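Colleague: A single structure is presented below for examination.
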Amino acid sequence: MTGRGRKSDWKRLDESDVRVRPGKGTRPRSKLRPEHADARAAMVTGVDRGRWTCALDSRADHQVVAMRARELGRTPIVVGDLVDLVGDTSGRPDTLARVVRVADRSSVLRRTADDNDPYERVVVANAQQLLIVCSLADPPPRTGFIDRCLVAAYAGGLKPVLCLTKSDLASPDQVITAYADLDLPMLVTRSDREPDEVRERLTNQVSALVGHSGVGKSTLVNKLVPDAFRAVSAVSAVGKGRHTSTAAVALPLPAGGWVVDTPGIRSFGLAHIEPDDIVAAFPEFLEPAEECPPNCGHLGPPEDPDCMLDVVTAEGQATPGRLESLRRLLASRARLDEYAD
C-alpha cells in the first residue's frame, strides 16, 4: 500500500481498531496491601535519620536495622514500638529490613515542648513504668517537674516510680512527705552504693527513664547497664547539667527487661492532656467528677466553686491529702503553680 493509500485508509477504522493507553495519573490503584505472613516480630530500640534499630523477637543479641515500608506512609515509629519486619533480618553489616506493620500501643509517654505547643511528641511507646529521676541536691529537687511527669505517666498508661538520687548529699524526707498520699513507689539511691532496689524494680520490665540534666540519670543507667557507655553529665557551677543523651534508646538489662534512656529535658509540656485524664488515675474521684459542671477543671474554689470532688473528702471516702495531691497535679497541668518547669 502506498503512502497515499494509508492516509485515506483511516476513514474505514472504528473504535475496535483503536487502542488508547491510559495516562500515568489515571491508572486505577489497588487498595490491597500485602499481608506479609512471613514477617517477624521485633521491638524498636533506636531511631536515627530514617532508620530504625530493632531487636528481633525482643532479643538484645539480635539487632536489625530497618527502613519504613512505603505502604506505611508517614506512620510514626518510636522507641518501644512493636513492629513486624520483612526482608533481610539477619542483622549482618550493610543489610536492611523493612518495617511493614506497627502494633497498637499499650502505653505512650507523650509531651509537648511547652504548654502552648500544639505539636505532641511521643517519646516512648509500650513502656510499663516511668522512672522519674530527681536529685536531692546539685541540682535541688523540682517538685513541679515531678508533678508533670506524674501527669504524663497517668495519662499515658504508665506506672510512675520516683527515684531520688544523691541521698548522700541531702535527706529525702521532705520529698517523700510531699508525695506520701500518692500510690507512688519511691526509691532512694546514693552515688557510693549500687542501686539494688532500682535494679530489682526494673528487671523483666520495659521502663522509661526521664529527668532533668545533671540529676544522675546517665550515671544510674551506667550502673544498671555496665556496657552502655552512656556519657556522664558534669554539673555546672550554676547547678544545671549539660545534655548528654540526645535521643531515646532502649538498653537491655543483664537480668532481663529493657530500660529506655531519654534525653535530659528542661521542660515537660502538657498541652495534650485534659483534666479528666489525670482524675482517671484516682479511682475514688472518678465517678464524682462526672457530676461536676461542664468544663470543670476540678481545682476547687475559687476557680471551680461547684467541684464535686470536695464532697468525696467531706463524706470520708478519700483523705484530704489525696485530693490535695490530685489538685496539685491539676494545677501543674494548668501552670497555676510556681514550679512550671
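The values are calculated or read from the model by the stated rules, or taken from the named source; none is laboratory data. As the structure is a prediction and not an experimental result, all values here were calculated from the model. Because the Cβ atoms are built from the backbone with ideal geometry, glycine has one as well, and the counts that use them run over all protein chains shown. We work out accessible area using only protein heavy atoms, side chains counted, and drop any ligands, DNA or RNA first. Shrake-Rupley method; radii C 1.70, N 1.55, O 1.52, S 1.80 Å.
Colleague: Name the residue, out of Pro160, Pro172, that is more than 18 Å from Ile278 (Cα to Cα) and either in contact (Cβ under 8 Å) with a residue 12 or more places away in the chain or in contact with a His (Cβ under 8 Å, 6 or more places away or on another chain) (or both).
Modeller: Pro172
Colleague: Looking only at segment 66-90, how many residues end up being modelled with pLDDT of 95 or more, hydrophobic (A, V, I, L, M, F, W, C), under 24 Å from Val108 (Cα atoms) and outside any loop (DSSP other than H, G, I, E, B)?
Modeller: Total meeting the criteria: 5.
Colleague: So Asp147 passes all but one of these: (1) crowded, with 22+ Cβ neighbours inside 10 Å; (2) touching a Leu at 6+ places or on another chain (Cβ under 6 Å); (3) modelled with pLDDT of 90 or more. Which condition number does it fail?
Modeller: Exception for Asp147: condition (3).
Colleague: Then there's this: Keeping to segment 301-323, report how many residues are buried (at least 19 other Cβ atoms within 10 Å of the Cβ) and farther than 20 Å from Ala180 by Cα.
Modeller: 2
Colleague: So in segment 231-258, with the set limited to residues that are buried (at least 19 other Cβ atoms within 10 Å of the Cβ) and within 22 Å of Arg142 (Cβ to Cβ), which one is modelled with the highest pLDDT?
Modeller: Across segment 231-258, the extreme among qualifying residues is Ala248.
Colleague: Being of a type in the set (Gly, Ala, Ser), more than 18 Å from Pro254 (Cβ to Cβ) and without any contact (Cβ under 8 Å) to a residue 60 or more places away in the chain narrows it down to one residue among Ser218, Ser213; which is it?
Modeller: Criteria check complete, one pass: Ser213.
Colleague: Still on this structure: Of everything in segment 281-300, what is surrounded by 15 or more Cβ atoms within 10 Å (Cβ to Cβ) and either part of a helix (DSSP H, G or I) or not aromatic (Phe, Trp, Tyr) (or both)? Give them in sequence order.
Modeller: Of everything in segment 281-300, those that are surrounded by 15 or more Cβ atoms within 10 Å (Cβ to Cβ) and either part of a helix (DSSP H, G or I) or not aromatic (Phe, Trp, Tyr) (or both) turn out to be Ala281, Glu284, Phe285, Pro288, Ala289, Cys292, Cys296, Gly297, His298, Leu299, Gly300.
Colleague: Now a separate question. Taking segment 259-280 as the region of interest, how many residues are at pLDDT below 65 and of a type in the set (Ser, Thr, Tyr)?
Modeller: Qualifying residue count for the region: 1.
Colleague: Is it the case that Pro172 is under 16 Å from Val210 (Cβ atoms) and either open to solvent by 10 Å² or more (accessible area, probe 1.4 Å) or not charged (D, E, K, R) (or both)?
Modeller: No.
Colleague: Is it the case that some residue within segment 98-108 is modelled with pLDDT of 95 or more, in contact with a Phe, Trp or Tyr (Cβ under 9 Å, 6 or more places away or on another chain) and buried (at least 19 other Cβ atoms within 10 Å of the Cβ)?
Modeller: yes
Colleague: Okay, moving on. Taking the conditions exactly as written (touching a residue at least 24 places away in the same chain (Cβ under 8 Å), assigned to a loop (DSSP other than H, G, I, E, B) and within 18 Å of Asp277 (Cβ to Cβ)), does Arg110 satisfy them or not?
Modeller: no
Colleague: For Asp147, indicate whether it is farther than 30 Å from His36 by Cβ, charged (D, E, K, R) and within 17 Å of the chain's Cα centre (by Cα).
Modeller: When the stated conditions are applied, Asp147 passes them.
Colleague: Filter segment 162-186 for residues that are under 15 Å from Leu131 (Cβ atoms) and part of a loop (DSSP other than H, G, I, E, B) and give the result.
Modeller: Matches in segment 162-186: Tyr179, Leu184, Pro185.
Colleague: Filtering segment 207-230 down to residues that are in a loop (DSSP other than H, G, I, E, B) and under 20 Å from Asp48 (Cα atoms), which residue is modelled with the highest pLDDT?
Modeller: Among them, the one singled out is Ala228.
Colleague: Need the failing condition index for Ala60 against (1) part of a loop (DSSP other than H, G, I, E, B); (2) in contact with a Lys or Arg (Cβ under 7 Å, 6 or more places away or on another chain); (3) under 15 Å from Ala250 (Cβ atoms), just the number.
Modeller: Here Ala60 meets the rest and fails (2).
Colleague: Given the options Arg193, Arg148, Arg201, name the one that is more than 21 Å from Leu251 (Cα to Cα) and part of a helix (DSSP H, G or I).
Modeller: Arg148
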